[in-house]
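Report on the structure given below.
The values are calculated or read from the model by the stated rules, or taken from the named source; none is laboratory data. Since the model is a prediction, treat every value here as computed from it, not as a measurement. So basically every Cβ, Gly included, is an ideal-geometry build from the backbone, and we count neighbours across all protein chains shown. These area figures cover heavy atoms from the full protein model, side chains too; ligands, DNA and RNA do not enter into them. Shrake-Rupley method; radii C 1.70, N 1.55, O 1.52, S 1.80 Å.
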Amino acid sequence: MDLLIKNARIVTGTESFESNIGIEGGVIVSISPTLEPSGAEVYDAGGKIVIPGGIDAHTHMELQVTGTKSADDFYSGTVAAACGGITSIVDFVDTQPGQTLLGALADYRRKADSKVVVDYGLHMMFKGQNLPEMDRIPEVVRKGVPSFKVYTAYKKRGLMLDGPDISRVMRTVAGAGGLVAVHAESERIIQRLIEKNLAEGNTEARFHAKSRPAEAEAEAISKVTRLAREASAKMYVVHLSSRAGREEVEKARRSGTDVFAETCPHYLVLTDDVYERKDGRNFVMSPALKKAEDRAALWEALGPGGVVETVGSDHCPFPSAEKDWGEEDFTKIPNGVPGTEAIIPVLYSEGVRKGRISMFDLVRVTSWAPSARFGLAPAKGSLSVGADADFVVIDPSRRVRMTADVMHSRIDYSIYDHITTEGYPVLTVSRGEVVMEDGEFVGKRGRGRFLPRRSAA
Ligand code: URP
Ligand code: ZN
């Protein structure tokens, strides 16, 4: 045995019990209260909680956007992930002009392999330029990338597909056994409001939110879930942000659509009043933050049977100097915020400790459900014998103010610095190796591995 975790309060998706965990060769070899060290390194987890490592199935490391790229590369982004208790990420491959789907996939593998500090999988973004390669979808699935993201918005960036093309992608992905992710916001509603606001001289950050109301999300979800039902496709709505959107997902499920939703930590702890702040630009992401009632609806939907089955971060940060490009026009603000390091602290401190969700819910939405939905089980997502030794130790008494200097993203601010947590991850173990201890990254660059995924559950 290489490592023994003693006196752990283990929480899985359904049980909580005290035991010791034995690790050898990167996998869990025993879970037993009588387990002895027999020469292994020992970590005493007395008084702490041990849960499966988080799976953040929504990141954008070094994503090329107009004029820049997201501030975290696959090294700094996965360091941030590890420091927040995330042991696997799934990033989105974005094809560059002139690249093929497989060329872009190879390019992402090249960029990520030498840098990642935790394990990673990939989804494929499927946008206008990819339409001629629809027949390549089964090959991409066979390469371990069985999920494809389509957009109902961002026409100018070339990301948006129209209804018939989304239907074709859905049928092809379903035929290949894959999953369709949808960024669901109505381009029609958004563009009308952006044009109106700019024409009226409403250029500040708060008009970003006013141009992307909940109805834009709800309308798009209503439309794409109908397309998914007609195509017999499994789909999920990425970054759900509103009550109205949640209701559309629920309605679609009742009509027989195989759909679930993901939300992000920022929608759970922030509301659109932050856009009134002087630094409001730093909070600009799409969909935009909504109201307190939307935030409450998302917490509710994380409970058992709720439609929000996973929490991903949509990690895509930009430094404040780049956010300032939109000082005189909110449409010029690079969209995206940090988040991978915040998922577990936010869900634990703001969720479990405040009675909004249970510890079982936290484990289900951060590890068990993403591993099942994204084809990573049984190696990932559970604390069980034979699974990869990926876990995080939370100290319920650790108070941390989530300021920029304690977070590991390569940006100069934190959108979470209003939160002082009750409890925080203090140890992250990835395939049996300690990668974070007491807030310090202690792993090695490039140690993470690519996770070829099977078709989703
Ligand atoms: O605002 C968001 N969601 N940014 C992430 C990157 C993107 O363009 O989807
Ligand atoms: Zn995203």
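Suppose accessible area is computed on protein heavy atoms with a 1.4 Å probe; arrange Asp94, Asp44 from highest to lowest.
The ranking, largest first, comes out as Asp44, Asp94.
Once both labels are modelled 7 Å past Cα along the beta-carbon direction, what's the Ala292-Ser455 spacing in nm?
It is 4.7 nm.
Among the trypsin sites (Lys or Arg not before Pro) in the range 215-309, which ones are in a DSSP loop with at most 14 other Cβ atoms within 10 Å of the Cβ? Mind listing them?
Working: sites: Lys223, Arg226, Arg229, Lys234, Arg243, Arg246, Lys251, Arg253, Arg254, Arg277, Lys278, Arg281, Lys290, Lys291, Arg295; in loops: Arg277, Lys278, Lys290, Lys291.
Sites meeting the loop and neighbour criteria: Arg277, Lys278.
Within 10 Å of each candidate Cβ there may be at most 16 other Cβ atoms; applying that plus a DSSP loop requirement, which GluC sites (Glu not before Pro) in the range 325-368 survive? Before the final figure, lay out the partial values.
Details: sites: Glu327, Glu328, Glu341, Glu350; in loops: Glu327, Glu328, Glu341.
Answer in residue order: Glu327, Glu328.
If I ignore ligands, DNA and RNA and count only protein heavy atoms, how much of His208 is accessible to a 1.4 Å probe, in Å² to the nearest 10?
That residue has around 10 Å² of solvent-accessible surface.
Give the angle, between 0 and 90 degrees and rounded to the nearest 10, that separates the Cα long axis of helix 187-199 from the longest principal axis of the Cα atoms of the chain.
70
Quick check on the range 388-436: take the gyration tensor over C-alpha atoms, sort the square-rooted eigenvalues as a ≥ b ≥ c, and tell me if it's rounded (a/c under 1.5), prolate or oblate.
oblate
State in Å² the accessible area per residue of the chain; use a 1.4 Å probe, count heavy atoms of protein chains only, and round to the nearest integer.
36
Would you mind listing how long the chain runs along its three principal axes, going by Cα atoms, in whole Å with the largest first?
Over the chain, Cα extents along the principal axes are 70, 48, 42 Å.
Can you put Trp325, Trp368, Trp299 in order of accessible area, largest first, using a 1.4 Å probe?
Trp368, Trp325, Trp299
Residue by residue through the range 299-305, which ³J(HN,Hα) values in whole Hz follow from phi under the Karplus form 6.51 cos²θ - 1.76 cosθ + 1.60 (θ = phi - 60°), with glycine and proline marked x?
Couplings: 4, 4, 6, 7, x, x, x Hz.
Dipole size in debye (nearest 20) for the chain around its Cα centre, Lys and Arg Cβ +1, Asp and Glu Cβ -1?
Working: 58 positive and 63 negative charges, 230 e Å.
I would put it at about 1100 debye.
Carbon and sulfur: what percent of the range 50-152's accessible surface (1.4 Å probe)?
51
Per residue of the chain, what 222 nm ellipticity follows from adding -39500 (n - 2.57) for every DSSP H run with n ≥ 4, rounded to the nearest 500?
For the chain, the value works out to -7500 deg cm²/dmol.
Take every Cα pair under 8 Å in the range 202-354 that's 6+ residues apart, average their separations, divide by the length, and report that relative contact order as a whole percent.
Over the range 202-354, the number comes to 27 percent.
Roughly speaking, what is the stretch gain from Glu18 to Ala106, that is 0.36 nm per residue apart minus the C-alpha to C-alpha distance, in nm to one decimal?
Gain in length upon complete extension: 27.3 nm.
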